[in-house]
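Reviewing the structure listed below.
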Amino acid sequence: MTQAKPRAKKLPLKERYALLTRDLDWEPSYVEREKLFPYTSYEGIKIHDWDGWQDPFRLTVDAYYKYQAEKDKRLYAVLDSFAQSQGHLGLADASYLNAIKLFIQGVTPLEYAAHRHFAYLARYLEGPAPRFAALCQSVDELRHCQTQIHTISNYNKYYGGFHSWSKMHDRVWYLSVPKSLFDDAMTAGPFEFLISISFSFEYLLTNLLFVPFMSGASFNGDMPTMSFGFSAQSDESRHMTLGLEAIKFLLEQDEGNVPIIQAWIDKWFWRAYRMSALVAGMMDYMLPKPVMSWKEAFELYFEDQMLGGLFPDLEYYGITPPRHVEDAIAEKDHLSHQVYKILHNFSFAAAFTTQTPSEEHSAWLSEQYPGSYDELYKPVWDKHARTEAAGGRIFFQGLPQLCQVCQVPMAFTEPDDPTAISFRTSEFTGETFHTCSNGCKWIFDREPEKFVQAWLPVHQIYQGNCGGPSVPEVLDWYGIQDGDNGEYKGSPDQRSWAEWHSGAPKQES
Amino acid sequence: MTSTLRQVGIDIQDAEENRPLVNAIKADNPELTIRHLPGLLKLQAAGRIVINRETVESQLGREWDTGEFQLAIVSYAGNFSEWDDDQIIVSWEH
């Protein structure tokens with residue numbers, strides 16, 4: 001065994017962190033504190049001692065840049081070798097790229113939004129420790145946005161549909177689901193933002209949102225996405241810590257904070273969970289080689305780790321598991337199937353393609369969902385398969401009604417009856433508003449003034465704000481080009497796949 | 001404070017350079033279970049997982065800063081109840 005050399009003398013981590021973070025802070029002398037930090041009182045949260053905030057990572061500027069540089073170096077080595085070795089030829093199937101298109105359209109712009117908002121927190125939170133943690137996270141999020149664009153650009157040389165994702169994020173119907181969630185968080189106060197994004201999104205549900213994408217990438221031959229994903233996730237561990245630290249700090253500071261935080265957890269668990277429905281559909285239907293079913297991931301990452309591990313810890317502060325969590329558990333056998341049916345029906349207006357699951361894939365779904373698939377969902381796919389065998393393809397003609405809160409088309413079923421559509425309404429200022437679930441209705445009723453302002457893509461089309469009244473005009477306004485959308489079989493991507501994999505030499509143009 | 005035996009976990013990138021680290025964690029946490037998922041290793045134990053700098057260094061044969069753990073971790077379940085120059089501990093607090 002090699003003997004380690006005596007360690008170089010330096011200050012212990014705790015002292016280094018205290019010196020470089022807290023001791024660089026100062027009390028304002030010629031500006032009133034309330035003017036310097038104007039946003040930390042109106043939400044009703046009381047903070048008595050900002051120094052009660054602990055960063056377990058004890059990160060300092062020098063350490064931060066050292067480790068981040070190393071992470072980028074490792075990632076870019078993978079990207080280079082992938083590009084040089086024609087790594088795109090190792091993909092399981094070109095249909096896999098639909099998952100990556102959903103990612104760059106739906107998630108990458110959120111990284112940029114997070115970058116912006118953490119920069120704001122890095123300025124306006126009062127304690128030096130949370131300010132510095134927010135600053136690091138702001139830089140992280142920009143790195144994630146950039147490395148994701150860079151990584152995915154590799155496929156743009158060989159396959160279609162990777163253009164215009166930023167514009168699409170602002171305009172296309174299913175992308176209003178993630179966009180509106182983040183807009184909701186960014187227009188909340190700084191403390192609600194911490195509970196929404198740092199705690200509910202990053203700590204409670206990040207594993208469900210990201211790890212399946214990355215394991216899916218690894219299993220389907222997409223090395224670069226796996227690498228950027230895990231590189232980003234290593235930052236994510238720090239972000240999770242910030243989320244957990246934020247909630248414990250706020251709960252410890254004042255007992256009056258507890259009911260405020262509980263209501264935010266109740267709201268944001270359901271908001272983030274509803275958005276993860278898109279990930280559920282992706283995991284179960286869009287990966288040519290599926291890794292783990294949504295149901296299994298939900299049980300492992302949410303029920304075991306969060307309900308079994310985290311919430312007993314938070315009970316100490318008087319926090320209970322999120323309201324409506326039972327509804328989420330009740331629909332775990334159904335969520336992914338219902339979402340993918342929506343995407344499959346409306347993919348003529350999406351910036352990715354869909355397909356009826358193959359027999360092999362259908363057998364896997366049947367194995368994963370013994371209590372629901374054969375009875376409720378397989379017959380629908382079998383009907384699609386028969387139609388397609390006769391040369392047809394069923395798309396839904398018309399526009400769906402959207403939930404006023406989560407903005408997913410209203411196609412989810414009742415928690416206790418998977419054959420009845422869950423349909424809730426609320427009255428506000430003489431108008432009726434529709435929501436898809438008990439969770440979304442509760443959220444609407446709590447803040448109707450906010451949610452009546454939702455930019456609902458279907459309403460916007462009817463109001464004439466989306467390029468025109470016909471499908472081609474709307475698609476043009478979305479930035480969707482012919483072949484980006486519709487059915488996978490016979491699509492330009494499938495043809496490119498066949499060409500790249502036929503022995504005939506092809507020149508890169 | 002009573003110690004809890006609820007599961008804690010650490011997910012680590014399944015990479016050659018992380019093998020000595022995983023071996024060190026195995027050595028210091030005899031109850032550890034390891035689950036392989038594509039691209040990552042899911043380490044779980046009841047109550048807590050401890051990472052000792054000295055054990056990692058003896059596996060690596062070189063100096064190792066506990067901060068380098070940031071290069072290996074993908075995710076975790078629990079709370080970093082300690083992270084100093086010599087030790088990292090993941091556990092639930094209550």
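The values are calculated or read from the model by the stated rules, or taken from the named source; none is laboratory data. The shown structure was predicted, so the numbers you read here are calculated from the model rather than taken from an experiment. Positions of Cβ are backbone-derived with ideal geometry, glycine not excepted, and every protein chain shown enters the neighbour counts.
The set of residues in the stretch A:219-231 that are crowded, with 24+ Cβ neighbours inside 10 Å and either within 8 Å of chain B (Cβ to nearest Cβ) or assigned to a helix (DSSP H, G or I) (or both) comprises A:PRO224, A:THR225, A:MET226, A:SER227, A:PHE228, A:GLY229, A:PHE230, A:SER231. Within the stretch A:10-43, being of a type in the set (Lys, Arg) and within 14 Å of another protein chain (Cβ to nearest Cβ) holds for A:LYS10, A:LYS14, A:ARG16.
Select, from A:ASP170, A:ASP183, the only residue that is surrounded by fewer than 21 Cβ atoms within 10 Å (Cβ to Cβ), away from chain B (no Cβ under 11 Å), within 15 Å of the chain's Cα centre (by Cα) and within 30 Å of A:GLY398 (Cβ to Cβ). From the options A:ASP170, A:ASP183, the qualifying one is A:ASP183.
Out of the residues in the stretch B:26-35 that are part of a helix (DSSP H, G or I) and charged (D, E, K, R), state the one that is surrounded by the fewest Cβ atoms within 10 Å (Cβ to Cβ).
Only one residue fits best here, namely B:LYS26.
If you go through the stretch A:247-266 one residue at a time, do you hit one that is within 13 Å of A:ASP55 (Cα to Cα), touching a residue at least 24 places away in the same chain (Cβ under 8 Å), within 14 Å of another protein chain (Cβ to nearest Cβ) and surrounded by fewer than 23 Cβ atoms within 10 Å (Cβ to Cβ)?
Checked the stretch A:247-266: at least one residue is within 13 Å of A:ASP55 (Cα to Cα), touching a residue at least 24 places away in the same chain (Cβ under 8 Å), within 14 Å of another protein chain (Cβ to nearest Cβ) and surrounded by fewer than 23 Cβ atoms within 10 Å (Cβ to Cβ).
I want to confirm something. Restricting to the stretch A:188-208 and keeping residues that are away from chain B (no Cβ under 14 Å) and of a type in the set (Phe, Trp, Tyr), which single residue is farthest from A:VAL258 (Cα to Cα)? For the stretch A:188-208, the residue satisfying everything is A:PHE193. Within the stretch A:342-388, being in a helix (DSSP H, G or I), of a type outside the set (D, E, K, R) and without any contact (Cβ under 8 Å) to a residue 12 or more places away in the chain holds for A:ALA363, A:PRO379, A:THR387.
Residue-wise test of (1) at pLDDT 95 or above; (2) among the hydroxyl-bearing types (Ser, Thr, Tyr).
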position: A:GLY90; (1), (2): no, no
position: A:ASN98; (1), (2): yes, no
position: A:GLY106; (1), (2): yes, no
position: A:TYR124; (1), (2): yes, yes
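The strands (runs of 3 or more DSSP E) located wholly in the stretch B:36-94 that include 2 or more residues which are polar (S, T, N, Q) and closer than 20 Å to A:PHE57 by Cα occupy B:79-83, B:87-91.
Scan the stretch A:145-181 for residues that are under 28 Å from A:CYS440 (Cβ atoms) and of a type outside the set (D, E, K, R) and the total you get is 13. In the condition set (1) in contact with an Asp or Glu (Cβ under 6 Å, 6 or more places away or on another chain); (2) on the phi > 0 side of the Ramachandran plot, A:ASP140 is compliant with all but (2).
Set side by side, the residues A:ALA297, A:ALA272, A:ALA232, A:ALA246 differ, and just one is out of contact with any Phe, Trp or Tyr (no Cβ under 8 Å at 6 or more places or on another chain) and of a type in the set (A, V, I, L, M), which is A:ALA297. The number of residues in the stretch B:79-92 that are more than 7 Å from chain A (Cβ to nearest Cβ) and either surrounded by 21 or more Cβ atoms within 10 Å (Cβ to Cβ) or of a type in the set (Asp, Glu) (or both) comes to 4. Candidates are the residues of the stretch B:42-69 that are closer than 25 Å to A:GLY229 by Cα and over 11 Å from the mean Cα position of the chain (by Cα); the one that is nearest to the other protein chains (Cβ to nearest Cβ) is B:GLY67. Every condition in (1) part of a loop (DSSP other than H, G, I, E, B); (2) touching a Cys at 6+ places or on another chain (Cβ under 6 Å) is met by A:HIS163 except one, and the failing one is (2). Could you tell me whether any residue of the stretch A:323-332 is at pLDDT 95 or above and β-branched (Val, Ile, Thr)? Yes, the stretch A:323-332 contains a residue that is at pLDDT 95 or above and β-branched (Val, Ile, Thr).
Go through the stretch A:232-246 and count every residue that is under 23 Å from A:LEU287 (Cα atoms) and facing chain B (nearest Cβ under 9 Å). Residues flagged as under 23 Å from A:LEU287 (Cα atoms) and facing chain B (nearest Cβ under 9 Å) within the stretch A:232-246 amount to 1. Please state which of the following conditions A:GLY44 fails to meet, knowing it meets all the rest: (1) surrounded by fewer than 18 Cβ atoms within 10 Å (Cβ to Cβ); (2) at negative phi. So the condition that A:GLY44 fails would be (2). Of all residues in the stretch A:87-131, those satisfying the criterion of being of a type in the set (A, V, I, L, M) and farther than 30 Å from A:HIS361 by Cα are A:LEU110, A:ALA113, A:ALA114, A:ALA119, A:LEU121, A:ALA122, A:LEU125, A:ALA129. Tallying residues that are out of contact with any strand residue (DSSP E or B) (no Cβ under 8 Å at 6 or more places or on another chain) and not in a helix (DSSP H, G or I) within the stretch A:245-303 yields 8. Restricting to the stretch A:302-320, and then to whatever is in contact (Cβ under 8 Å) with a residue 24 or more places away in the chain and among the aromatic types (Phe, Trp, Tyr), can you tell me which residue is farthest from the other protein chains (Cβ to nearest Cβ)? Within the stretch A:302-320, the match that is farthest from the other protein chains (Cβ to nearest Cβ) is A:PHE302. Return a yes/no flag: does the stretch A:435-453 have any residue that is of a type in the set (Asp, Glu), more than 19 Å from A:PRO400 (Cα to Cα) and loosely packed, with under 15 Cβ neighbours inside 10 Å. Yes.
Evaluated against (1) without any contact (Cβ under 8 Å) to a residue 60 or more places away in the chain; (2) touching a helix residue (DSSP H, G or I) at 6+ places or on another chain (Cβ under 9 Å); (3) surrounded by fewer than 17 Cβ atoms within 10 Å (Cβ to Cβ), A:GLN84 falls short on exactly one condition, (2). Would you say A:TYR301 is within 21 Å of the chain's Cα centre (by Cα), surrounded by 21 or more Cβ atoms within 10 Å (Cβ to Cβ) and of a type in the set (Ser, Thr, Tyr)? So A:TYR301 passes the test.
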